[in-house]
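Visitor: Supplied in structure tokens, the structure appears directly below.
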Amino acid sequence: MNSTTTAAPCVPPAPAPVQGRSAQYDAFHAARARTDLVSRLYAAAMGEDYPAEVASSSSCDWPLLALMTARLRMRPGQLLVDAGCGTGGIGLWLARALALRLEGFDLSPVAVAQANDHRSRFGMSADRAVFRVAELENTGLPDRHAHGIVCVDALGRAADREAAVRELGCVLAPGGRLVLTRAGRRAADPAWHEQARVAGLAVEHVDERPAEPAMWERLYRLWIAHGDELRHELGEAQTQNMLREAHEVLPTLPGRRAVLLTLRRPSEGPDGPGVAARMPSPGRRLGDGPAVGERTPQ
């Protein structure tokens, strides 16, 4: 695209049914809730960097939590959206640490139910933190709604990544930041800047995460080594899904580049709106839409 490219208008896509697409994530979260084996393997892979309270099925470790806290630059009482929240630990930890309000959404109704149950663990009430079913490409949230958005290991499996970034850009208030993990090949020229520009966002920071590929390698090798235990605890179907992913992704990890992107929606002039709007813009809906779950490597 040339330099005259402008941001796409904030028009919501036609909703797609969630039922069916969430089945594999529902099964994973339901199985994981029955045992601590998966959490123990993540803890073994991350070592001292494992945030046990967060307990997410992602690459989120203590260094990433610290980096997201710094990059969001949010003030107490502002609204944080956790896009692809899974069981809610990342958003709840950040909201508690920064005294924020929180809205999270995920493709999996099972994960959303668990996230709502986890609020009390973080001392968060239902009027301060809420989770619902929605998808990245069609969040159901109003324009200019959030002062900050986090998206950890979720964008890589969106049905349309560019549409997802555009949607999150529309939800972001002027001056707000979208902080998301991305990955690609080291030798490739990523399209991150162009995707951001089309969404009306600017790339503010690209933070390299050099330890992330090695963490996934350790975790996948642990899954393979503990295959029999996983079968016993999670069942054959879930174990086969995990082992298939491990064998498919392991050969790609040596060339993997992982980063944390911070995208910022430009502030408007002194007379323009600079805080999150509380009402939907024309043509956008507020309510349940389709959703997204926690993801492994993108």
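Visitor: L79 versus (1) out of contact with any helix residue (DSSP H, G or I) (no Cβ under 9 Å at 6 or more places or on another chain); (2) of a type outside the set (G, A, S); (3) open to solvent by 10 Å² or more (accessible area, probe 1.4 Å): which is the lone unmet condition?
Guide: (3)
Visitor: V249 versus (1) touching a Phe, Trp or Tyr at 6+ places or on another chain (Cβ under 8 Å); (2) in a helix (DSSP H, G or I); (3) of a type outside the set (D, E, K, R); (4) surrounded by fewer than 15 Cβ atoms within 10 Å (Cβ to Cβ): which is the lone unmet condition?
Guide: Result: V249 passes all but (4).
Visitor: With the requirement that a residue be farther than 23 Å from D207 by Cβ and among the small types (G, A, S), what does the range 59-103 give you?
Guide: The answer is G77, G88, A99.
Visitor: State all residues of the range 44-75 that are loosely packed, with under 15 Cβ neighbours inside 10 Å and in contact with a Ser or Thr (Cβ under 8 Å, 6 or more places away or on another chain); if no residue qualifies, say none.
Guide: Across the range 44-75, the qualifying residue is only A52.
Visitor: Further question on the same structure: Which ones in the range 127-177 are open to solvent by 10 Å² or more (accessible area, probe 1.4 Å), farther than 13 Å from V81 by Cβ and part of a loop (DSSP other than H, G, I, E, B)?
Guide: D127, R128, E137, A158, A159, D160
Visitor: Oh, and also: Being within 29 Å of R75 (Cα to Cα) and modelled with pLDDT of 95 or more narrows it down to one residue among V203, V249, V292, V275; which is it? Full working, then the answer.
Guide: On the way: V249 fails: within 29 Å of R75 (Cα to Cα); V292 fails: modelled with pLDDT of 95 or more; V275 fails: modelled with pLDDT of 95 or more.
Only one candidate passes the filter, namely V203.
Visitor: How many of the residues in the range 252-267 are of a type in the set (G, A, S) and assigned to a helix (DSSP H, G or I)?
Guide: 1
Visitor: When you look at A188, is it touching a strand residue (DSSP E or B) at 6+ places or on another chain (Cβ under 9 Å), within 21 Å of S108 (Cα to Cα), open to solvent by 40 Å² or more (accessible area, probe 1.4 Å) and at pLDDT below 95, yes or no?
Guide: No; evaluated as a whole, the condition is false for this residue.
The values are calculated or read from the model by the stated rules, or taken from the named source; none is laboratory data. All values derive from a computational prediction rather than experimental measurement. Cβ: placed from backbone, ideal geometry, glycine included. Neighbour counts: every protein chain shown. Protein only, heavy atoms only, side chains kept; ligands, DNA and RNA dropped before computing areas. Shrake-Rupley method; radii C 1.70, N 1.55, O 1.52, S 1.80 Å.
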